[in-house]
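Right, one structure below, let's go through it.
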There are 2 protein chains.
Amino acid sequence: MALRHAVLAALLDEELSGYQLAKAFDLGVANFWHALPQQLYAELARLEKDGLISGREVVQDTRPNKRLFIVTEAGLAELERFTASAAKPSSIRDDLIVKVQAADHVDPATLIAQLTERAAFAQAKVDLFGGLLDRMRGDRSEEDFLRNGEGIGPYLTCLRGLAFERGNLDWCERTIAVLREREAARATR
Amino acid sequence: MALRHAVLAALLDEELSGYQLAKAFDLGVANFWHALPQQLYAELARLEKDGLISGREVVQDTRPNKRLFIVTEAGLAELERFTASAAKPSSIRDDLIVKVQAADHVDPATLIAQLTERAAFAQAKVDLFGGLLDRMRGDRSEEDFLRNGEGIGPYLTCLRGLAFERGNLDWCERTIAVLREREAARATR
DNA sequence: TATGATTAGTCAGTTTCTTGAGTATCATGC
DNA sequence: GCATGATACTCAAGAAACTGACTAATCATA
């Protein structure tokens, strides 16, 4: 039951529709969780049923109507309770790392192609997160913003996302370089 | 079906029992995947049924008997196929980051406690991975080992694990510092 | 004027992961 | 001499996540 709390946390700062939430949780801005639209709509229904969020219908004439959700008092209390509960340690779960684990038994060129693709993806995320941080910070310095600003939660999680993707990028580049060097060494042997 | 390939990759370098695998995939050395014993035993059974690994009974007199598994030719081919298939981008999924996302609405002291705990955990992992890397590398330099050594797959994945935990550690410490400073600023206001 | 993309969602089915309990033997420490 | 923990594994049930298909309107573009 952690998606539950991720949704609550996302709805704290803005009133969002299921559709908007889905965009945020899809590959993109979701630097602190990931989920598919189906999961989110289901979770929103459960959260509303349990009184942790409340939705209001917004009638639109040019677009289909939508429902916007906000966190209730009960929802905030639930988040507070969640925050105090023990967190399980996060661990990496990544196809690409599994592939590299098998590096000694598998075609290096294939691996390099995969790593290159991932590096590009990571770079795009780094740029995206960089931009998001700039926007949140406005014209203030990071130190000033974090000391005195409002809404630092999203900023801090975005910082983690940025560092994570930088880590991905560095590792991909390093690994590509290693594999290339070994290929070159093998060719001249 | 990625646990499947994670198990195959883990069995490439050593012949392991389900129990040993479980230890590796539990909180500990599993720097490239995570799974519980029940999942692993089930996956091993499936893999053997599909002919991707083969097990042999080892009779022990002081301990319960065990079955050791190795990857078959078919298993290696399956890994090769997997390596060439598209990898889905990995994303973070972490309770603690959800909690920090809600930082503006939640008790800072609770958050700091959680972050401190996680920082200690991350530090332990950093130490563990550092030691593992030393052992794999032996007396060679990292450059030399990665250029000419054998079994660099596990080394490279361990490097990613190390960087990831360093990232966790840095972020926890930074976030704790920010929360403390804001607490102090609030107290004097 | 089709074609595809975007907004806004729903439904069904399957796989994967987690929780919890249980079995059995042997070694170690108090 | 009895509790604790390690080795080695199994079974069942439930929660969470993923796959894939589907409705229905509007807007952009070629």
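The values are calculated or read from the model by the stated rules, or taken from the named source; none is laboratory data. A quick note: this is a predicted structure, and the numbers were derived from the prediction, not measured. Heads up, the Cβs are rebuilt from the backbone with ideal geometry, glycines too, and the neighbour counts pull from every protein chain shown. Note: accessible area is taken over every heavy atom of the protein model, side chains too, but ligands, DNA and RNA are not part of it. Shrake-Rupley method; radii C 1.70, N 1.55, O 1.52, S 1.80 Å.
Exactly one residue out of A:R166, A:R140 is open to solvent by 70 Å² or more (accessible area, probe 1.4 Å) and touching a helix residue (DSSP H, G or I) at 6+ places or on another chain (Cβ under 7 Å), and it is A:R166. Of the listed requirements (1) more than 7 Å from every other protein chain (Cβ to nearest Cβ); (2) free of Cβ contacts under 8 Å to residues at least 60 places away in the same chain; (3) over 17 Å from B:G161 (Cα atoms), A:L132 misses just one: (2).
Take the residues in region A:51-78 that are touching a residue at least 12 places away in the same chain (Cβ under 8 Å) and part of a loop (DSSP other than H, G, I, E, B); name whichever of them is farthest from B:D104 (Cα to Cα). Restricting to residues being touching a residue at least 12 places away in the same chain (Cβ under 8 Å) and part of a loop (DSSP other than H, G, I, E, B), the top hit is A:G51. Scanning region A:76-117 for residues that are closer than 21 Å to B:S91 by Cβ, facing another protein chain (nearest Cβ under 7 Å) and of a type in the set (D, E, K, R) yields A:K88, A:R93, A:D94, A:D95, A:K99. Against the test of being in contact with a strand residue (DSSP E or B) (Cβ under 7 Å, 6 or more places away or on another chain) and either within 12 Å of DNA strand D (Cβ to nearest atom) or on the phi > 0 side of the Ramachandran plot (or both), the options B:E48, B:E43 yield a single qualifying residue, B:E48.
Let's see how each residue does on (1) without any contact (Cβ under 8 Å) to a residue 24 or more places away in the chain; (2) farther than 30 Å from A:A77 by Cβ:
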position: B:D104; (1), (2): yes, no
position: B:T116; (1), (2): no, no
position: B:K125; (1), (2): no, yes
position: B:L146; (1), (2): yes, yes
position: B:G151; (1), (2): no, yes
position: B:L156; (1), (2): yes, yes
position: B:E165; (1), (2): no, yes
position: B:W171; (1), (2): yes, no
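Listed here are the residues, each with its yes/no results for (1) surrounded by 16 or more Cβ atoms within 10 Å (Cβ to Cβ); (2) more than 16 Å from DNA strand C (Cβ to nearest atom); (3) not assigned by TED's automatic domain parsing to the domain that holds A:L162.
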{"position": "A:A42", "(1), (2), (3)": "no, no, yes"}
{"position": "A:L47", "(1), (2), (3)": "yes, no, yes"}
{"position": "A:Q60", "(1), (2), (3)": "no, no, yes"}
{"position": "A:I70", "(1), (2), (3)": "no, no, yes"}
{"position": "A:H105", "(1), (2), (3)": "yes, yes, no"}
{"position": "A:L111", "(1), (2), (3)": "yes, yes, no"}
{"position": "A:L115", "(1), (2), (3)": "yes, yes, no"}
{"position": "A:A119", "(1), (2), (3)": "yes, yes, no"}
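Just give me the residues in region B:170-184 being buried (at least 19 other Cβ atoms within 10 Å of the Cβ) and either more than 15 Å from B:A109 (Cα to Cα) or aromatic (F, W, Y) (or both), in sequence order. If the condition is that a residue be buried (at least 19 other Cβ atoms within 10 Å of the Cβ) and either more than 15 Å from B:A109 (Cα to Cα) or aromatic (F, W, Y) (or both), then B:W171 is the only one that fits.
If only residues of region A:59-78 that are in contact with a Ser or Thr (Cβ under 8 Å, 6 or more places away or on another chain) and under 16 Å from A:L21 (Cβ atoms) are counted, the one that is farthest from DNA strand D (Cβ to nearest atom) is A:I70. Checking B:T116, B:T188, B:T175, B:T110 one by one, the residue that is more than 16 Å from the chain's Cα centre (by Cα), among the hydroxyl-bearing types (S, T, Y) and closer than 25 Å to A:V126 by Cβ is B:T175 and no other. Tell me, yes or no, whether region A:79-94 has at least one residue that is in contact (Cβ under 8 Å) with a residue 40 or more places away in the chain and either open to solvent by 30 Å² or more (accessible area, probe 1.4 Å) or away from DNA strand D (no atom under 13 Å from the Cβ) (or both). Checked against the condition, which is being in contact (Cβ under 8 Å) with a residue 40 or more places away in the chain and either open to solvent by 30 Å² or more (accessible area, probe 1.4 Å) or away from DNA strand D (no atom under 13 Å from the Cβ) (or both), region A:79-94 yields at least one hit.
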